[in-house]
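Student: Could you have a look at this structure, given as structure tokens, before my questions?
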Amino acid sequence: MKNKQFQKLMSTSNKVEVVILNGFLGSGKTTLFRNLLSQSKKKEIPVCAIVNDMSELDVDGELISNTDIVEENNQILESISSCVLSSKKGIDKLDYTLKKLLSNQNPRLVIIETSGSCHPLPLVEYFKKHKEVKLTGLFTLVDSLMLAHDYNYGEHLVPKMQHNITQGKRDTVNLLVEQIMFCSHLILTKADRIAKEKLPDIATYIQGINPNVSTHSVHFGKLNIDALFELPEYNYFQVAQLIGELKSVLESQENQDKPYDLATRVIKDERPFHPQRLWDACHEHLDQGIYRSKGFFWLSSRNKYSLLWNQAAGSISLELIGSWRAGILEDDDHGLLEFELELLKEQVAKEKGRFGDRRCDLTVIGDQSKVDRFTEALKECFLTEEEIKLWKNGHEFTDPWPKKIVKLTN
Ligand SMILES: Nc1nc2c(ncn2[C@@H]2O[C@H](COP(=O)(O)OP(=O)(O)OP(=O)(O)O)[C@@H](O)[C@H]2O)c(=O)[nH]1
Ligand SMILES: [Mg+2]
């Protein structure tokens with residue numbers, strides 16, 4: 001008997017560790033992921049990264065591939081897009097991806113970012129049976145600002161969930177609460193956006209939902225990566241009853257087209273946004289029903305720059321990703337050597353787009369009832385043909401967006 005226990009202990013200790021970053025849409029998972037990857041590069045820790053985006057636009061994949069460590073070896077990153085990891089298709093893709101990473105790389109740790117709409121249960125069940133890897137951390141990230149606005153600092157989470165149970169429905173509050181119930185570690189993000197004295201209230205409401213976790217507030221993903229290596233294996237025993245209660249509910253949801261009433265829309269257009277119209281549309285339409293929109297775009301007033309659009313609940317930020325190639329060519333002060341200029345011209349000439357490599361690729365996720373209204377409003381913000389003519393003739397459109405846009409750093 002003792003011998004068997006020893007063998008079991010040895011077999012789990014040799015397994016590659018896995019940490020999952022779960023949490024609702026826009027809670028700060030990619031921000032934390034990028035920060036962890038940047039630390040692993042500095043500390044020379046061999047990690048592999050898996051990122052999952054429910055949309056066909058793999059925005060997170062692009063953001064993660066933009067980190068130093070992945071630029072050095074892009075084989076350590078695998079993207080799973082167009083499905084949610086918690087679906088049957090998602091688990092199959094995860095299994096294939098993990099096998100590939102484990103056989104081609106030699107990681108000490110695998111970090112997985114789920115999409116915001118991912119339920120943790122199928123992942124917990126999958127890792128429980130896995131022979132080669134060991135799930136240690138199931139981190140759930142919770143956006144303090146969203147909790148403050150939509151759930152009175154967390155006070156309304158449980159009553160809203162109970163109301164859903166009496167009505168026999170499931171929506172985003174079920175997902176939020178269940179993500180908290182399954183986590184081994186809870187990370188509060190965006191605490192800088194709420195009053196400091198309210199943090200203990202949030203922690204109390206969260207502990208009411210999951211008494212086994214303590215909450216840690218993390219500012220813009222600054223969590224020391226060493227903390228990921230001191231973790232025991234995920235406690236499957238603690239969630240056994242919860243799995244029993246929820247499994248059939250989730251299975252009946254599996255074939256639903258829009259679980260949690262979440263709908264996704266994609267906007268693809270080559271044209272730039274009219275800065276003032278975009279500003280007005282955001283102020284008019286961004287309400288509680290639009291949980292998340294993100295992607296890359298350009299403004300006619302800043303036509304050189306590739307911008308990242310990052311909206312979660314009521315807050316929106318524009319970040320500078322880099323310069324469009326076509327924008328550099330149009331800039332008289334490009335500072336390029338003759339051969340560099342020729343190379344750039346060749347690259348831009350190969351682009352099929354009307355404005356060279358410049359484009360707008362956005363994903364919008366929200367309540368089915370709200371998402372179309374916002375998507376249509378955004379489409380109205382692109383320059384019209386008349387405006388494009390004006391813009392080409394040097395017309396400057398009013399731009400109310402902050403002049404100083406922060407550059408996204410690795
Ligand atoms: N103020 C503030 N903003 C933050 C913090 N952490 C993340 N953000 C911002 O929140 C927005 C969403 O962050 P992401 O890291 O993309 O969130 P995510 O969970 O990966 O989003 P999805 O993958 O779409 O579910 C970005 O604009 C971040 O800059 C924080 O601690 N404070
Ligand atoms: Mg993300």
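The values are calculated or read from the model by the stated rules, or taken from the named source; none is laboratory data. Quick caveat, the model's predicted, so the values are computed rather than measured. No Cβ is skipped: glycine too gets one built from the backbone with ideal geometry, and neighbour counts run over all protein chains shown.
Student: Looking at segment 273-304, which of its residues are in contact (Cβ under 8 Å) with a residue 40 or more places away in the chain and touching a strand residue (DSSP E or B) at 6+ places or on another chain (Cβ under 6 Å)?
Tutor: Residues satisfying the conditions are PHE273, PRO275, GLY289, ILE290, TYR291, ARG292, SER293, LYS294, GLY295, PHE296, PHE297, LEU299.
Student: Among what's in segment 195-228 and is of a type in the set (Asp, Glu) and over 24 Å from the mean Cα position of the chain (by Cα), pick the residue that is nearest to ligand 2 (Cβ to nearest atom).
Tutor: ASP201
Student: Hey, another quick one. Name the residues in segment 228-248 that are in a helix (DSSP H, G or I) and over 24 Å from MET146 (Cβ atoms), would you?
Tutor: Listed by number, the residues that qualify are LEU228, PHE229, PHE237, GLN238, VAL239, ALA240, GLN241, ILE243, GLY244, GLU245, LYS247, SER248.
Student: Out of the residues in segment 307-326 meeting the condition of being in contact with a helix residue (DSSP H, G or I) (Cβ under 8 Å, 6 or more places away or on another chain) and part of a strand (DSSP E or B), tell me which one is nearest to ARG358 (Cα to Cα).
Tutor: LEU308
Student: Separate question: Given (1) assigned to a helix (DSSP H, G or I); (2) touching a strand residue (DSSP E or B) at 6+ places or on another chain (Cβ under 8 Å); (3) not basic (Lys, Arg), where does ALA263 come up short, assuming only one miss?
Tutor: (1)
Student: So SER65 fits all but one of (1) over 23 Å from VAL124 (Cα atoms); (2) in contact with a Leu (Cβ under 8 Å, 6 or more places away or on another chain); (3) touching a residue at least 60 places away in the same chain (Cβ under 8 Å); what number is the exception?
Tutor: Going through the list (1) over 23 Å from VAL124 (Cα atoms); (2) in contact with a Leu (Cβ under 8 Å, 6 or more places away or on another chain); (3) touching a residue at least 60 places away in the same chain (Cβ under 8 Å), SER65 breaks only (3).
Student: Here's another thing I want to ask about it. I'd like to verify a number: residues in segment 41-62 that are in contact (Cβ under 8 Å) with a residue 40 or more places away in the chain, more than 13 Å from ligand 2 (Cβ to nearest atom) and out of contact with any helix residue (DSSP H, G or I) (no Cβ under 6 Å at 6 or more places or on another chain), how many?
Tutor: Result for segment 41-62: 4.
Student: Another question, then. From the list SER81, SER103, SER115, SER87, which residue is within 13 Å of ligand 2 (Cβ to nearest atom), surrounded by fewer than 21 Cβ atoms within 10 Å (Cβ to Cβ) and on the phi < 0 side of the Ramachandran plot?
Tutor: Checking each option against the conditions leaves just SER81.
Student: Filter the helices (runs of 4 or more DSSP H) completely within segment 327-410 down to those with at least 3 residues that are more than 27 Å from the chain's Cα centre (by Cα) and farther than 19 Å from ALA281 by Cβ.
Tutor: So the answer is 338-350, 385-392.
Student: Taking the conditions exactly as written (assigned to a loop (DSSP other than H, G, I, E, B), touching a helix residue (DSSP H, G or I) at 6+ places or on another chain (Cβ under 9 Å) and either at pLDDT below 90 or assigned by TED's automatic domain parsing to the domain that holds SER87 (or both)), does ASP287 satisfy them or not?
Tutor: So ASP287 passes the test.
Student: Go through (1) at pLDDT below 95; (2) within 16 Å of ligand 2 (Cβ to nearest atom); (3) of a type in the set (A, V, I, L, M, F, W, C) one by one and return the number of the condition PHE139 breaks.
Tutor: So the condition that PHE139 fails would be (1).
Student: Something else now. Taking the stated definitions as given, is GLU113 over 28 Å from SER217 (Cα atoms) and in the same structural domain as LEU37 (by TED's automatic domain parsing)?
Tutor: When the stated conditions are applied, GLU113 does not pass them.
Student: Let me spell it out: the conditions are (1) closer than 20 Å to GLU132 by Cβ; (2) at pLDDT 95 or above; (3) within 16 Å of ligand 2 (Cβ to nearest atom), and SER27 meets all of them except one. Which number is the exception?
Tutor: (1)
Student: Residue by residue through segment 360-400, note down the ones that are among the charged types (D, E, K, R) and in contact with a Gly (Cβ under 6 Å, 6 or more places away or on another chain).
Tutor: Once the filter is applied, which keeps residues that are among the charged types (D, E, K, R) and in contact with a Gly (Cβ under 6 Å, 6 or more places away or on another chain), segment 360-400 yields ASP361, ASP367, LYS370.
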